[in-house]
Each structure stands twice: as structure tokens, then as C-alpha cells.
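Inspection log for the structure reproduced underneath, given as C-alpha cells.
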């Protein structure tokens, strides 16, 4: 009788543990599998008052427009978050989405639907130039929201009620 109660109690736990262990990906599954890079990219740095934009894009007018857009978004977000960057925030800009998917700045695969990423610990924005300027502008604004959020949490006084309310 006692063995039967133990069996009915332990067996569902073992089945659940076995099921959970099969659906959770392990880091060992991708260890040693580096991303394939099809070309060597030599980045240049464009500095604005609040950003360091790392890019290899040859179109200077497009880069100036992107730099202006990033500063416009900075001003808009600065008014909302009431926070300023003490040092320039890095932005890594790729010419197209396929180059962005090959980046070694991020671990793991980047799906086709990913427009950009903001890293929390390094507080840098990584994104491609998208097909339409409007899409690029939208993704840049979205990613800079995360940059401000991470900046408030990491560099700012995150226990301050004003900072918590702005997140």
C-alpha cells in the first residue's frame, strides 16, 4: 500500500522532470558553433553629442540622416525619462538585415522579424538599416527606449520613485 502511494506521487514528478528537461534548450547544444561571417566588415565611428555610431555604410548622407534621427529620438526620450547619458551610447548599424543576422555582437540566432536589439549590460543598440526610412526610424526610437530604461536601471538611482515610475 505504501509503495503504491509513493509510486503515484513520484512517477508524475519524474515524468514532468523528463518532459521539462527535453523542452528547455541547453547552452551545450550550440557551444562551439560560431556564426558564419561571409565578409569582413570594417567599421567606422561617427560621433554625435550622445552616440557613437559604428557602421560601414558608405552613403554619407544616409549616415548623417541616421545621426540626426538618433539625436531627435534622444531629445524626445530625454523629456519623457528626464535622464541624460553621461557618456556616448554605442549604436552598431548594419547596412542590411542579412549582415545584421551575422553579427557576433549577439549570441544566438536573429530571426527575420527582429528589427533591432538593445543589450542591457553593455547598453548598446544593434540594428540594421531597414528597407524603408520610416521602419528604420521606428525601430531606432523603440530601441532607444530600451537604452534609456537600461541606463536608468544601471547608472541611475533605480530606487528613486521617479525612475521606477518612468519605466
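For the range 47-57, state whether one or more residues are at negative phi and in a helix (DSSP H, G or I). Walk me through it before giving the result.
Initially, the range 47-57 is screened for residues at negative phi, giving 47-57.
Subsequent filtering for residues that are in a helix (DSSP H, G or I) retains none.
The answer is no, given that none of the residues of the range 47-57 is at negative phi and in a helix (DSSP H, G or I).
Might you check whether a residue that is at pLDDT below 70 and within 28 Å of residue 90 (Cα to Cα) occurs anywhere in the range 38-52?
Yes, there is a match, as at least one residue in the range 38-52 is at pLDDT below 70 and within 28 Å of residue 90 (Cα to Cα).
Condition check: at pLDDT 70 or above, out of contact with any strand residue (DSSP E or B) (no Cβ under 9 Å at 6 or more places or on another chain) and loosely packed, with under 14 Cβ neighbours inside 10 Å. Does residue 62 satisfy that?
no
The values are calculated or read from the model by the stated rules, or taken from the named source; none is laboratory data. These figures come from a predicted structure and were not determined experimentally. In this analysis, Cβ positions are derived from the backbone assuming ideal geometry, glycine residues included, and neighbour counts consider all displayed protein chains.
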